[in-house]
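The values are calculated or read from the model by the stated rules, or taken from the named source; none is laboratory data. Please read all numbers here as calculations on a predicted model, not as lab measurements. A quick note on method: Cβ atoms are made from the backbone with ideal geometry, for glycine too, and the neighbour counts reach across all protein chains shown. Just the protein is used for accessible areas: all its heavy atoms, side chains included, with ligands, DNA and RNA removed. Shrake-Rupley method; radii C 1.70, N 1.55, O 1.52, S 1.80 Å.
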Amino acid sequence: MRSTGDYDYSETPYTDAQFDTEFDQSRFDLFNLAYEKKVKQKNVIPIDVFLENTCRVITFDDNNKKCFNSAGVLLFSKNPQKYIPYSKIKCTKFLGAEITANPKILDSFECEGNLIELINSAADFVKKNIRNRALVIGTTTQYELEYPEASFREAIINAIMGCFSIKSSE
């Protein structure tokens, strides 16, 4: 850790999360597909070099063994909650819009998994719990969400980023 200046939480090393044992290839493959689509070229860099230099999610422990930092744990480890137990999203739907002492809970779900899975699970919960509007066009019915999915996905991502963008001067 740095002793002066800003400290970025995503750089926190998790020495127990060794790359050799905790790396989840399937999670990387999904990430890599999205990366290649965005940059419009095939990624030919070896996985560990790509993760260390491009994604900056690998660091080294005191024995010079590769381990994940917190960003690596959240994206590519087999069990992120093992290392960061609070990396969950609790989704709850309440009855009404008023804040009360004893709110009635209509639906609740705790999302777990890596960062992408957290976002997708929370978005699925929102989709399940908001109204759909039916549009009848001729003889077919089309359904449309009450809010655009891109809007609530962005809200979910912003909320997550707010939780994990901890800065400290110590």
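Quick notes on this one:
- FRET efficiency, Val44 to Ala159 (Cβ-Cβ, R0 30 Å, nearest 0.05): 0.25
- Proximal lysines relative to Lys78, as straight alpha-carbon distance under 17 Å, when same-chain residues fewer than 8 apart are discounted: Lys66, Lys88
- Sequentially through the range 134-149, phi angles give Karplus couplings (6.51, -1.76, 1.60; θ = phi - 60°) of 9, 10, 8, 10, x, 9, 10, 10, 10, 10, 9, 5, 4, 10, x, 4 Hz, Gly and Pro residues having no value and appearing as x.
- Length available on full extension from Lys88 to Tyr143: 0.36 nm per residue minus the Cα-Cα distance, which gives 16.8 nm.
- Using only side-chain charges placed at the Cβ, +1 for Lys and Arg and -1 for Asp and Glu, the dipole size of the range 29-97 relative to its Cα centre rounds to 400 debye.
- The charge dipole of the chain, taken about its Cα centre with unit charges on the Cβ atoms of Lys, Arg (+1), Asp and Glu (-1) only, comes to about 540 debye.
- With every protein chain in place, the range 93-169: carbon and sulfur % of accessible area (1.4 Å): 57 percent
- Rounded to the nearest 20 debye, dipole of the range 104-153 from Cβ charges on Lys, Arg, Asp, Glu: 260 debye
- Straight-line cross-link reach from Lys93 at under 19 Å between alpha-carbon atoms covers these lysines, not counting any fewer than eight positions away in the same chain: Lys104, Lys127, Lys128.
- Considering only Leu30, Phe94, Ala122, the residue lying farthest towards the positive end of the dipole of the chain is Phe94, judged by Cα position with unit charges set on Cβ.
- Global geometry of the range 1-152, whether rounded, prolate or oblate, following the gyration tensor of its Cα atoms and the 1.5 cut on a/c: oblate
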